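K.L.:
Got a structure for you, written out below as C-alpha cells; questions coming shortly.
The values are calculated or read from the model by the stated rules, or taken from the named source; none is laboratory data. Nothing here was measured: the structure is a model prediction, and the numbers come from that model. As a convention, Cβ positions derive from the backbone with ideal geometry for all residues, glycine included, and neighbour counts pool all protein chains shown. Accessible surface is based on the protein model in full, side chains and every heavy atom, while ligands, DNA and RNA are left aside. Shrake-Rupley method; radii C 1.70, N 1.55, O 1.52, S 1.80 Å.
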Amino acid sequence: MRKTILLVDDDIELRSFLKKLLSANNFRVIEAGDGAVALEIVEKTPPDVVVLAFGLPKVPGETVCAEIKKNHPEIVVIALTAKASSEDVVRGLQIGADDYMAKPFEAEELMARIR
C-alpha cells in the first residue's frame, strides 16, 4: 500500500518539485500552502508523513507540528525549513518534529529520511 505524504509549504515551486520527486518514488502526495489548510487535511485524511515548513502563513509550522503530534502522535513529521540555527533545530524537535532538515536540502537525503 502506498504511503501518503502531506507537503506543507507556501513555496509553490518547491511543492511542485517535491510532489514530482515523491510521486516518482511511489508516494501519494497531498499539498497544503498554509498551516490552516494543513490542519484541516490532517483531520480529514491523516497522512503517514508530513513534510512541514515552519515559516507558513495563517498558522505557523511550529503550531501545526505541535497540533499534529498532540492529536495524531503516530504521524511522522519532518520539518523542512529555512530556520536552521541550532536553537531552531532543538525547538523543532522539542515541539514534536520527528526529524529536521534545513533548506537548502539534498533531495536524496530527504528521500532517505522519509523512507
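K.L.:
Round to a whole number: what % of the accessible area of the chain belongs to carbon and sulfur, probe 1.4 Å?
P.N.:
52
K.L.:
Also, I was wondering about something else. Quick one: compute the contact order of segment 29-115, relative version, from alpha carbon pairs under 8 angstrom and 6+ residues apart, as a percent. Before the final figure, lay out the partial values.
P.N.:
Working: 116 pairs, mean separation 22.2, N = 87.
Averaging sequence separation for qualifying contacts and normalising by length gives 26 percent for segment 29-115.
K.L.:
With the Cα gyration tensor of the chain giving a ≥ b ≥ c as the square roots of its eigenvalues, does the rule (a/c under 1.5 for rounded; else a/b larger than b/c for prolate; else oblate) give rounded, prolate or oblate?
P.N.:
Judged from the Cα gyration tensor, the chain comes out rounded (a/c under 1.5).
K.L.:
Then there's this: Could you pull out the pairs from Lys20/Lys58; Lys44/Lys83; Lys69/Lys103; Lys3/Lys103; Lys44/Lys69; Lys19/Lys103 whose alpha carbons sit more than 21 Å apart here?
P.N.:
Listed pairs above 21 Å: Lys20/Lys58; Lys44/Lys83; Lys69/Lys103; Lys3/Lys103.
K.L.:
Right, here's the next one. Which value in deg cm²/dmol, rounded to the nearest 500, describes the helix-derived mean residue ellipticity at 222 nm for the chain, given -39,500 (n - 2.57) per DSSP H run of n ≥ 4 and division by the residue count?
P.N.:
My calculation for the chain gives -13000 deg cm²/dmol from helical runs alone.
K.L.:
Can you check what the net charge comes to around Arg91, using other residues whose Cβ is under 9 Å from the Cβ of Arg91 (Lys, Arg +1; Asp, Glu -1)?
P.N.:
For residues surrounding Arg91, the net value is -2.
K.L.:
Please label the shape of segment 65-115 as rounded, prolate or oblate, based on the square roots a ≥ b ≥ c of the eigenvalues of the alpha-carbon gyration tensor (a/c under 1.5 means rounded; beyond that, a/b larger than b/c means prolate, else oblate).
P.N.:
It is oblate, given that a/c is not under 1.5 and a/b is not larger than b/c.
K.L.:
Sticking with the crude label model, points 7 Å out along Cα→Cβ, report the distance from Ala24 to Met111 in nm, one decimal please.
P.N.:
The two pseudo-label positions are separated by 0.7 nm.
K.L.:
Taking a probe of 1.4 Å, how large is the accessible area per residue of the chain, in Å²?
P.N.:
Per residue, the chain has an accessible area of 53 Å².
K.L.:
Then there is this: Net charge around Phe17, counting only other residues with Cβ within less than 11 Å of its Cβ (Lys, Arg = +1; Asp, Glu = -1)?
P.N.:
That works out to 0.
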